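> What follows is a structure written as C-alpha cells; I'll ask about it next.
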Amino acid sequence: MLKRTFDLFFSLFGIIFFFPIFLLISILIKLDSKGEIIFKQTRVTKDGKEFKIYKFRTMMKETEGNKQITVGKDNRITKVGSFLRKTKLDELPQLFNIIKGEMSFVGPRPEVPKYVAYYTDEQKEILKVRAGITDYASIYFSNESEILGQQNDPEKYYIEEIMPHKIKLNKKYINNMGIITDIKIIILTILKIVGVELKEE
C-alpha cells in the first residue's frame with residue numbers, strides 16, 4: 001500500500017511538473033518525423049497480464065514495429081529519438097501507466113510476450129510484482145543496444161545471456177523490496193543518466 005501511494009503521488013506530481021516538457025517533446029517529435037507522438041507496445045506486467053506501455057516515439061513510424069530489440073546504432077531511430085533515448089525522456093509517458101496501475105516507478109522492466117514465453121517457471125517469479133520504469137537491470141544494462149550490436153546473433157545473445165542476467169537482478173530487487181530500495185534505485189538511475197559510472201553490487 002505504501003509503495004502504491006508513493007507511485008500515485010509522485011506520478012501525479014511528475015505529470016504536472018513535466019507538462020511543459022511533454023508539450024515541447026511532442027512538438028519536436030512531430031517536426032522531426034511523420035507519425036504518432038506516443039508509441040504503444042504490448043508488454044507483460046504483474047501476474048502475466050498484458051498491457052500497452054507508453055513511450056514517446058523514437059523511431060520512424062514505418063519501421064518501429066519490425067524488431068523488438070534495439071541493436072547498435074539502429075538506423076530506425078530519429079534524431080530527436082536518439083536524444084530522448086539517451087536521456088530516458090522517452091519513458092516519461094509511463095507515468096500514465098503508473099496511474100493506471102500497470103506499472104510502478106521501480107520494478108522489473110516489462111518484456112514483450114515473445115520473450116516472456118522463454119521464461120522458466122522459476123524465472124516467472126518476477127511476474128509477482130508490477131513492472132517498473134527502472135530497476136537494477138536498467139542501470140547495469142544501460143548500454144544494452146551497444147552490447148547487442150557487437151554480437152553475430154543479437155537476439156540469441158539477448159535471450160541466452162542478457163535476459164537471464166536481468167532476471168537475476170530482478171530477483172535481487174524482489175528479495176529486498178521496499179521504499180528505501182526504490183529510492184536507492186531511482187537515485188542510481190538518475191546518476192547513471194547524468195553520466196556517473198556505477199558498478200554492479
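The values are calculated or read from the model by the stated rules, or taken from the named source; none is laboratory data. Computed from a predicted structure; not experimentally measured. For neighbour counting, all protein chains shown are included, and Cβ atoms are generated from backbone atoms with ideal geometry for every residue, glycine included. Calculation scope for accessible area: heavy atoms of the full protein, side chains included, ligands and nucleic acids excluded. Shrake-Rupley method; radii C 1.70, N 1.55, O 1.52, S 1.80 Å.
> Just to verify a number: what accessible area does MET60 come out at with the full protein assembly present, 1.4 Å probe, Å² rounded to tens?
MET60 has an accessible surface of roughly 70 Å² with all protein chains in place.
> Could you compute Rg(Cα) / (2.2 N^0.38 Å) for the chain, with N its residue count? Working shown, then result.
Numbers: Rg = 16.4 Å, N = 201, 2.2 N^0.38 = 16.5 Å.
Against the compact-globule rule of thumb, the ratio is 0.99.
> Could you list which residues have their amide H under 5 Å from that of GLN41, counting only those 5 or more apart in sequence or on another chain, with H placed in the peptide plane?
Sorted by chain and number, the residues that satisfy this are ILE53.
> How big is segment 6-59 by Rg and Dmax over its Cα atoms, in Å?
13.8, 39
> Say a site is exposed when it is one of the trypsin sites (Lys or Arg not before Pro), sits in a DSSP loop, and has at most 14 other Cβ atoms within 10 Å; what is then the longest site-free stretch of the chain? Walk me through the intermediate numbers first.
Working: sites that count: LYS34, LYS49, LYS61, LYS67, LYS73, LYS100, LYS199.
Segment 101-198 is the longest.
> Let me ask something else. Residues of segment 116-179: accessible area per residue at 1.4 Å, in Å²? Walk me through the numbers before you get to the answer.
Working: 3400 Å² over 64 residues.
Per-residue value: 53 Å².
> Right, something else. To the nearest 10 Å², what's VAL194's accessible area with a 1.4 Å probe?
Counting only protein heavy atoms, the figure is 110 Å².
> Shifting gears a bit: Pull up the DSSP beta bridges for the chain and report the antiparallel fraction as a percent, rounded to 5.
Working: 8 of 11 bridges.
Around 75 percent antiparallel, to the nearest 5.
> On the protein heavy atoms, probe 1.4 angstrom, tell me the percent of accessible surface of the chain carried by carbon and sulfur. Before the final figure, lay out each step's value.
On the way: 6790 of 11510 Å².
Reported share for carbon and sulfur atoms: 59 percent.
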